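The values are calculated or read from the model by the stated rules, or taken from the named source; none is laboratory data. All figures in this text were calculated on a predicted structure; none of them were measured in a lab. In this analysis, Cβ positions are derived from the backbone assuming ideal geometry, glycine residues included, and neighbour counts consider all displayed protein chains. Accessible surface areas use protein heavy atoms only, side chains included; no ligands, DNA or RNA. Shrake-Rupley method; radii C 1.70, N 1.55, O 1.52, S 1.80 Å.
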Amino acid sequence: MSVKESPKKQPPLVLYAEDNRLVAAPVRDVLELAGCRVEHCANGVTALALLRSAGARGVRYDLIVLDNELPELAGLEVARAARAIKECRRTPIILVALEDCTDEARRVGASEFLRKPHNLLTLADAVRRLLKARKA
């Protein structure tokens with residue numbers, strides 16, 4: 001009798017939208033060190049297109065991290081639109097911005113708001129906490 005191997009569970013997939021390469025690289029490193037796979041894009045229109053097409057592509061994001069100061073479409077608008085997408089309604093969203101927009105972030109459905117320049121350890125803690133809560 002052979003024992004079937006269970007399929008390996010994929011690490012959590014994060015959609016990360018940030019246009020500044022100097023910020024994107026270390027944040028991506030932190031996300032990967034936290035055990036995540038990262039799909040990065042550099043503007044809000046692309047982020048929203050990726051979210052809208054995820055189901056058709058067989059992709060499920062476990063977490064969304066958005067810079068608010070994105071070209072073409074702000075992170076707040078991407079977060080608002082994401083909450084209207086069936087597959088994203090419960091996906092945790094971390095919004096980061098230079099200005100304090102905590103209230104606006106909550107209104108559009110963000111799970112967490114971090115102010116830039118954010119401490120990378122704070123980001124890592126938020127990622128771990130939100131992914132753990134999502135599993136529960």
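Computed over the alpha carbons of region 32-79, Rg followed by Dmax gives 11.1, 30 Å. In this structure the amide hydrogen of Val65, modeled in the peptide plane, comes within under 5 Å of the amide hydrogens of Leu15, Tyr16, Ala17, Ile94, none closer than 5 places in sequence on its chain.
Counting heavy atoms of the protein chains alone, Arg60 has an accessible area of about 140 Å² for a 1.4 Å probe.
For region 37-62, the residues whose backbone nitrogen is under 18 Å from a point 7 Å from the Cα of Asp29, taken along Cα to Cβ, are 37-40. Couplings for region 64-77, taken from phi via the Karplus curve 6.51 cos²θ - 1.76 cosθ + 1.60 with θ = phi - 60°, read 10, 10, 10, 7, 7, 8, 8, x, 6, 7, 5, x, 4, 5 Hz in order; Gly and Pro are left as x.
Counting alpha carbon pairs within less than 8 Å and at least 6 residues apart, what relative contact order, in whole percent, applies to region 1-124? Show your work: numbers first, answer last.
On the way: 195 pairs, mean separation 27.9, N = 124.
Relative contact order for region 1-124 comes out at 23 percent.
Per-residue ellipticity at 222 nm, computed for the chain from helices alone with -39500 (n - 2.57) per DSSP H run of at least four residues, works out to -13000 deg cm²/dmol. May I ask for the distance between the Cα centers of region 44-72 and region 107-126, given as a whole number of Å? That distance is 17 Å. Subtracting the Cα-Cα distance of Leu13 and Leu121 from their residue separation scaled by 0.36 nm leaves 37.0 nm. Working note: Karplus 6.51/-1.76/1.60 with θ = phi - 60° gives region 15-24 the couplings 8, 10, 10, 7, 8, 8, 4, 5, 8, 4 Hz, where Gly and Pro are set to x. Net charge of the neighbourhood of Leu31, taken over other residues with C-beta under 13 Å away and scored Lys/Arg +1, Asp/Glu -1, is -3.
Rounded if a/c is under 1.5, else prolate if a/b is larger than b/c, else oblate: which is region 15-136, with a ≥ b ≥ c the root eigenvalues of its Cα gyration tensor? Cα axes put region 15-136 in the rounded bin. Within region 50-68, what residues put their amide N at less than 16 Å from the label point 7 Å along the Cα-to-Cβ vector of Glu87? Under cut-off, by backbone N: 50-65.
What longest region of the chain stays clear of GluC sites (Glu not before Pro) that DSSP places outside H, G, I, E and B and that have at most 12 other Cβ atoms within 10 Å?
Values: sites that count: Glu5, Glu99.
That gives 6-98 as the longest site-free run.
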